[in-house]
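> Got a structure here, written out as structure tokens. Questions coming.
The values are calculated or read from the model by the stated rules, or taken from the named source; none is laboratory data. Worth saying up front: this structure is predicted, and the values here are computed from it rather than measured. Note that we place each Cβ from the backbone using ideal geometry, even for glycine, and neighbour counts take in every protein chain shown. Note: areas computed on protein heavy atoms with side chains; ligands, DNA, RNA excluded. Shrake-Rupley method; radii C 1.70, N 1.55, O 1.52, S 1.80 Å.
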Amino acid sequence: MDFVRSCDEMSQLDLGLVVWTYPGGFKVLRAATRGSFVESLAETVTQYVRTLGSISPIELAVFEECSVTLAMEHLKLVESQGVLCRDESVKEVRFYENLISGVATKLGLGMAVLEGKGISGAHNKLATLYLLALKASYM
């Protein structure tokens with residue numbers, strides 16, 4: 001517990017290190033940066049996903065040389081920004097680029113419109129069909 005308090009104090013003393021707490025409660029000590037950590041993380045992960053088509057926490061852990069737990073937290077954080085969507089199966093968890101938010105943006109729709117229709121990020125196939133039908137009705 002003393003170590004955690006010491007790390008919290010490092011953040012307050014502006015020593016170049018900050019404690020970052022992920023939404024899941026996972027804490028890490030990382031270098032302080034001037035730019036947005038979440039935006040740079042989203043950019044990095046998106047490049048991997050666009051290159052590979054999808055990514056698992058294990059693959060990200062290998063590429064970024066970090067633990068699988070930290071890689072999963074990174075992926076969930078980027079997912080919470082609407083950049084990725086998740087496919088969970090018995091075999092593994094894979095993350096894909098969230099095409100729904102991109103299509104919704106191109107149509108001038110926010111994700112709030114989709115959520116208002118009862119469509120959440122977990123129902124991407126249904127949401128895609130809905131958007132395609134919606135787009136066809138505008139044409």
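> As a test question: what accessible area, to the nearest 10 Å², does T21 have when a 1.4 Å probe is rolled over all protein chains in place?
70
> What is the extension gain from T51 to V4, computed as 0.36 nm multiplied by their sequence separation minus the C-alpha to C-alpha distance, in nm to one decimal?
Details: separation 47, 0.36 × 47 = 16.92 nm, distance 3.74 nm.
Full-extension gain reported as 13.2 nm.
> Would you tally the net charge around A61, using a Cβ to Cβ cut-off of less than 15 Å, leaving A61 out, and scoring K and R as +1, D and E as -1?
Values: positive: K76, R94; negative: E59, E64, E65, E73, E92.
Spelling it out: positives minus negatives among the neighbours equals -3.
> For labels at E92 and S67 in the simple 7 Å Cα→Cβ model, what's the distance in nm?
2.1
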